[in-house]
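Down below is the structure, laid out as structure tokens.
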Amino acid sequence: MSDHINPVWVIGEKVDGNIPPICFEIIGQARKLADELDAPVEVLLFGKGIRDRVDSLFHAGADVVHVGDATGFEVYQSEIYLASITALVDERKPQIMLIGSTFMGRELAPLIAAKLGTGLSAHCIDLVLDEDGILEQQIPAYGGLMSIICPDKRPQIATVARGVFPMPTLDESRSGKILQVDPPPEMITRVKTLEVVHVEPKGLPLETAPVVVAGGAGAGSSEGWQEIAELAEALNAALGSTRPAVDEGWTDLETMIGQSGRMVSPEIYIGIGLSGEQQHMVGIMGAKLMIAINNDPKSPVFGQVDIGIVEDCRQFVPALVKALKEMESDPVRATHVV
Amino acid sequence: MLRIIVCVKAVPESKAAESLKIDPVTKSLPRLDIPLEINPLDRNALEVALQLKEGSGAHITVISMGPPPAGDIVKECLALGADKGILLSDPAFAGADAYATALTLAKAVKKIGEVDVVLCGRASSDGATEWVGPELAVFVDMPIVTMVREFVKTDGKNWVVKADIENGYRLVQAALPTVFTVTQDANTPRTLSFSGIIKSRKKEITTWGLNDLGVLEDSVGLKGSPTIVSKLAYVESKRECEFIDGTLEEKVDQLINKLVEAGVAS
Ligand SMILES: Cc1cc2nc3c(=O)[nH]c(=O)nc-3n(C[C@H](O)[C@H](O)[C@H](O)COP(=O)(O)OP(=O)(O)OC[C@H]3O[C@@H](n4cnc5c(N)ncnc54)[C@H](O)[C@@H]3O)c2cc1C
């Protein structure tokens, strides 16, 4: 690895005092790309009181961490972050810049790209290098995959969806160089975040749940939806949804899985009354066991799962919930079943 | 009076758009004649403007970049209550990515001149990048707040909005002029009656092309786009489905067995 090769950058982030998993997932992938390019990985991390977190970034694969540990960087302020980042880009000239598809990343990435006059792809689910070392930024589209490239302008910038790259194994023997970033002096900002308010999330978080139960249009009504929600509860699973379930008002947009929603990678995914449309299915990356329940034996969902059950969910789901509850209160039946 | 610009996009009608799929053999998209509609989230952006107009008054200009048929979408916005409609249409604009689109819209915003607020939907249903609003903001040198779900204070020159973040929101103060992108939670957009749509077809809109905007041909459309689509690929599932058969009870029992095996139910 040589220092004069333009680095691969990762814009890190602090959420609720912690560095979220997505930062590590992206550093892991940046490391792979950088190794192929013989380039260093540099991570930017702004916030206050973040010094003690920096080592974990080296363990994940960073060679250099630009740390902005200052009051001016305490909360995300778009104009301050943008000015600091673009100034640092001029100095370090990254060839690739990866940013998590978080709320901050989704606002900051296009500001950076426009300011630098370069391209930006959105919510990538894979990143590979082509034979010329150009970054192929893959996004789901039209039932398949679309590769976007930025052939001429640099850096090549992409936002990355959550949960699409595995957590890298942390190597505690790795270390690197810390470079300090200072906020721009006395900047007059036109927008200002006054307060950050956290609201307790409802139910289990989808991204980290080992079991996800997702319901679709086949639920048929809010009663049908309620049955699916009860199944999720009985299995201690997070509840996910498809777009029609959100459109019908049975559940919040927060629960939608897929291209325009959340990305999950559970051990077990159970899809109920949904047709397996690609815009939904791309949201379930790397699930170990996939199960579908659908009343149409020809539903395309069955071509994408490991276990299929052809049943009306309005009959099957309540029966399953009942059996699970009986099992809990009657271990004899449980052993009998097993 | 408050001067508002709302950016709207004509997108393929959502149900029909789902039939647009990569052909597994040719790895290309079929040519389909899909009807256009207003990008759903742009309706939320327009609704914000319409409510401000009904409140303390505002002049609303709607701009849209697209092929000539997108003019109907602009007309629909007029029928909904916008005051002026401008279609940015020119063969040179075709094939634009988010960057070139934002640049073209920015030229129009500058040509319009005095403006206090620019509103965009959070994302478009077809491109789905979320980039046009923020990139436009950079090109017109305005600040931006994205993912706004509530306009808390809209009097005077310093507005306060609630914008979505992970598990909560941020309260942001913005000194006008500012660009805002709006989420579906901001409001429930009004809809037009069928007769309203018919009437709106007769309303006049302005069309601006390359020369009206005074931009170079290679800074817009496909030529002005830093990104290109290099490949389309069809993805095949590697899973093979084992069907569980039997009566309802048998299926329930067998599924529970599978779940127990996988370590879920116990
Ligand atoms: C650009 C774009 C982005 C999108 N992003 C997303 C996204 O992020 N997430 C998402 O989910 N969607 C997204 N969509 C929408 C997506 O294309 C599909 O429309 C959606 O996923 C379909 O949801 P569904 O499977 O629940 O409904 P349907 O496709 O209508 O399927 C319903 C299924 O339920 C079955 N069924 C009906 N009744 C019963 C019953 N009683 N018992 C059992 N089964 C029953 C039917 O056989 C059918 O297979 C997007 C679309 C576009 C164009």
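The values are calculated or read from the model by the stated rules, or taken from the named source; none is laboratory data. Just so we're clear, the structure is a prediction, and the values are computed from it rather than from any experiment. Heads up, the Cβs are rebuilt from the backbone with ideal geometry, glycines too, and the neighbour counts pull from every protein chain shown. For accessibility, only protein heavy atoms count, side chains too; no ligands or nucleic acids. Shrake-Rupley method; radii C 1.70, N 1.55, O 1.52, S 1.80 Å.
DSSP bridge analysis restricted to chain A gives an antiparallel fraction near 20%, rounded to the nearest 5.
Quick one: order B:Val132, A:Val181 from most to least accessible surface, probe 1.4 Å.
Descending order: B:Val132, A:Val181.
Hey, if you put +1 on the Cβ of every Lys and Arg and -1 on every Asp and Glu Cβ in the protein assembly as shown, which of B:Val229, B:Ser125, B:Gly209 ends up farthest toward the positive end of that dipole? My answer, from the dipole projection, is B:Gly209. Accessible area ranking (1.4 Å probe, heavy atoms, ligands and nucleic acids excluded), largest first, for B:Ile86, A:Ile149: A:Ile149, B:Ile86.
Run the accessible area of the stretch B:2-219 with a 1.4 Å probe and give the carbon-and-sulfur part as a rounded percent. Don't skip to the answer; put the middle values down first.
Values: 4730 of 9070 Å².
Carbon and sulfur together cover 52 percent of it.
With a 1.4 Å probe and all protein chains kept in place, how much accessible area does A:Arg174 have, in Å² rounded to the nearest 10? A:Arg174 exposes around 60 Å² with every protein chain in place. Between chain B and chain A, the total buried accessible area stands at approximately 6500 Å², from heavy atoms with a 1.4 Å probe.
Here the spin labels are modelled as points 7 Å beyond Cα on the Cα-Cβ line, and at A:Glu248 and A:Thr86 they lie 4.7 nm apart. Beta bridges from DSSP with both residues in the protein assembly as shown: antiparallel share about 35 percent, rounded to the nearest 5. Reported value for the stretch B:76-167: 145 Å³ per residue, from the convex hull of its C-alpha atoms. Longest stretch of chain A clear of exposed loop sites (GluC sites (Glu not before Pro), DSSP loop, at most 12 other Cβ atoms within 10 Å, sites excluded): A:187-338.
In chain B, helical runs assigned H by DSSP with n ≥ 4 each contribute -39500 (n - 2.57); averaged across all residues and rounded to the nearest 500, the mean residue ellipticity at 222 nm is -8500 deg cm²/dmol.
A:Lys322 contributes about 130 Å² of solvent-accessible surface, heavy atoms of the protein only, 1.4 Å probe.
Looking at the stretch B:221-264, the trypsin sites (Lys or Arg not before Pro) that sit in a DSSP loop and have at most 12 other Cβ atoms within 10 Å of their own Cβ are B:Lys238.
Would you list B:Leu29, A:Leu170 from the most to the least accessible area, probe 1.4 Å?
Values: B:Leu29 60, A:Leu170 85 Å².
Descending order: A:Leu170, B:Leu29.
For the stretch B:2-219, the share of DSSP beta bridges that are antiparallel, to the nearest 5, is 35%. Looking at the protein assembly as shown, the accessible area is 43 square angstrom per residue; that uses a 1.4 Å probe and ignores ligands, DNA and RNA. Computed 3J(HN,Hα) for the stretch A:208-216, one whole-Hz value per residue from the Karplus formula 6.51 cos²θ - 1.76 cosθ + 1.60 where θ = phi - 60°, is 10, 5, x, 10, 10, 9, 10, x, x, glycine and proline marked x. 3J(HN,Hα) along the stretch B:48-63: 4, 5, 5, 5, 5, 5, 5, x, 9, x, 6, 10, 10, 10, 9, 10 Hz, from the Karplus curve 6.51 cos²θ - 1.76 cosθ + 1.60 with θ = phi - 60°, whole Hz, x for Gly and Pro. Taking θ as phi - 60° and the Karplus parameters 6.51, -1.76 and 1.60, the scalar couplings of the stretch A:244-255 work out to x, 5, 6, 4, 6, x, 6, 8, 7, 4, 3, 8 Hz in sequence order, x denoting glycine and proline.
Running Debye on the protein assembly as shown with equal point scatterers at the Cα sites and no solvent, what base-10 log of I(q)/I(0) appears at q = 0.07, 0.10, 0.13 Å⁻¹? At q = 0.07, 0.10, 0.13 Å⁻¹ the computed log10 ratios are -0.45, -0.93, -1.45.
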